[in-house]
1. Where the accessible area of region 359-441 is counted over protein heavy atoms with a 1.4 Å probe, how much of it, in %, is carbon and sulfur?
2. Hey, rough spin-label estimate for HIS202 and THR341, points 7 angstrom out along Cα→Cβ, what's it come to in nanometres?
3. Using a cut-off of 20 Å between alpha-carbon atoms, which lysines can reach LYS389, once sequence neighbours fewer than 8 places away in the same chain are excluded?
4. Could you compute the net charge surrounding LYS309? Neighbours are other residues with a C-beta less than 13 Å from the C-beta of LYS309; K and R count +1, D and E count -1.
5. Treat every Asp and Glu Cβ in region 359-441 as -1 and every Lys and Arg Cβ as +1, leave all other atoms uncharged, and give the resulting dipole magnitude about the Cα centre to the nearest 20 debye.
6. Per residue, how much accessible area does region 352-442 have with a 1.4 Å probe, in Å²?
7. Going 7 Å from the Cα of ALA363 in the Cα-to-Cβ direction, what parts of region 407-447 have a backbone nitrogen less than 11 Å from that spot?
8. Let me know the charge dipole size of region 12-268 about its Cα centre in debye, to the nearest 20, where only the beta-carbon of Lys, Arg (+1) and Asp, Glu (-1) is charged.
Amino acid sequence: MTVNTPLCFRGKKILAPMVRVGTLPMRLLALDYGADIVYCEELIDIKMLQCKRVINGKYSISFVNIQVLETVDFVAPNERVVFRTCERERHRVVFQMGSADAERALAVAKLVESDVAGIDINMGCPKEYSTKASMGAALLSDPDKIESILTTLVKGICKPVTCKIRILPSVEDTVNLVKRIEKTGIAAIAVHGRKKEERPQHPVHCDVIKAISEAVSIPVIANGGSHDFIKEYTDIETFQKATAASSVMIARAAMWNPSIFRKEGLFPLKEVMQDYIKYAVRYDNHYTNTKYCLCQMLREQLETTQGKKLHAAQSTQEICEVFEMADFYEKTTAGFEAKKTSLETETQDEDDQMEDPDVIKMAVRFDKREYPPQITPKMYLLEWCRKEKHPQPVYETVQRPLDRLFCSVVTVAEQKYRSTLWDKSKKLAEQAAAIVCLRTLGVPEGKLSEGENHLINKRKREDQERLNNRDHGEDLAEPSHKKANFIEETSDMNVPQM
């Protein structure tokens, strides 16, 4: 596929992918200070595939919603934000994933492709949590799998694909692997100049990175120079020359002070930390992640009074107080609240447009914990309609663009019913509408608190009857509760947008 992005990997200074560090506040701060490209922290393919892409929605994250933040979030089923990004970095952020499966990697790449500038596969992490799943540095011993993953990505998406590796025991083996990787069509390769068993205190092997740079035509990004080379901006060029690389990727030196990317020199650490906190508050970063990154910056100052206060902080507000930013926190959160109120007013205006005097309304929600297993109000309503010889209920469900929530109107015997509360799934909205109808009619809805459940008893009788007939070699028509389930399943199709 043709790459339709201006992202280039030559002559660049790049923020390396770092677990827990490479979240949105750090990436934006690195861009502010002069980084050309920023990599997010490694995110595992299986976890990403469980996520829902949410833009301008109202997943409850602290007191702020996503439209207030102006972000795109990838949210796990437990409503935890796994990856957050924004327009400011869209053309300069590379999404790094951990994967050992080509098809899963492609599925994740397609999920995030429109929100990032490139996709990277981690092939260098030596940590057990990565290697035991055949990811990270474990891939280095499986060139066929490397080739499969990278080729699938290059052919399957429009954004540039890169990978990050560590060096092998011999220079020859490393160069041969990189040449094979080059043939997959990737846009660049980042090389951490250490073997998988080596740690930061071991010298970085500039000679091996140089041999790779001279052996391939794609850009080579040198990584691993923080300990031996990079203490200030001018050192970045020194490392680049020593490795003959196209670009330099910085990890720990940037983690300690992201203003390492400033041509004019490092900012004082206090100023850097305050700049970081501003982004953490602005983008509602979880306070535990904010605290972790600030602790990495403080390093030897963690035993100071300020360091101890930071360690004790249990909220973003307390972190702001430690760094004399309480006024900033109050002003920013007040702005969020004002914008949120405005959005809620806008939402209410949309609700008002849905008002129909002929629709009977109640403020109800469906809570499956209040019902027996596999028994729902929709099933009770369907049974009631059959008993009364009415046409089966008809559900009309809409989704509100502002927050992606759903509302359903059910029509029974030419009368419409709906809940005034919006739900986060179509199924929940339809169940709520059914409850409104049943309660209006004074008909049981199947709750556990209602005592004997005639629908369950009916199921038992039907199941027993089927068993008896089968014993006699006869076949019985589908029981009504299976038909009801089928109707519920098929009613989930064709959701109109408001």
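1. Answer for region 359-441 is 53 percent, counting heavy atoms of protein chains only.
2. If labels sit at HIS202 and THR341, their model points lie 5.9 nm apart.
3. Leaving aside lysines fewer than 8 places away in the same chain, those within reach of LYS389 are LYS378, LYS416, LYS458, LYS482, LYS483.
4. Counting the neighbours of LYS309, the net charge comes to -2.
5. The dipole of region 359-441 has a size of about 120 debye.
6. Values: 4570 Å² over 91 residues.
Value returned for region 352-442: 50 Å² of accessible area per residue.
7. Inside the label zone: 420-421.
8. Working: 35 positive and 31 negative charges, 65 e Å.
That gives region 12-268 a dipole magnitude of about 320 debye.
The values are calculated or read from the model by the stated rules, or taken from the named source; none is laboratory data. Everything numeric in this text was worked out from a predicted model, so none of it was measured. Every residue, glycine among them, receives a Cβ derived from its backbone with ideal geometry; neighbour counts consider all protein chains shown. We work out accessible area using only protein heavy atoms, side chains counted, and drop any ligands, DNA or RNA first. Shrake-Rupley method; radii C 1.70, N 1.55, O 1.52, S 1.80 Å.
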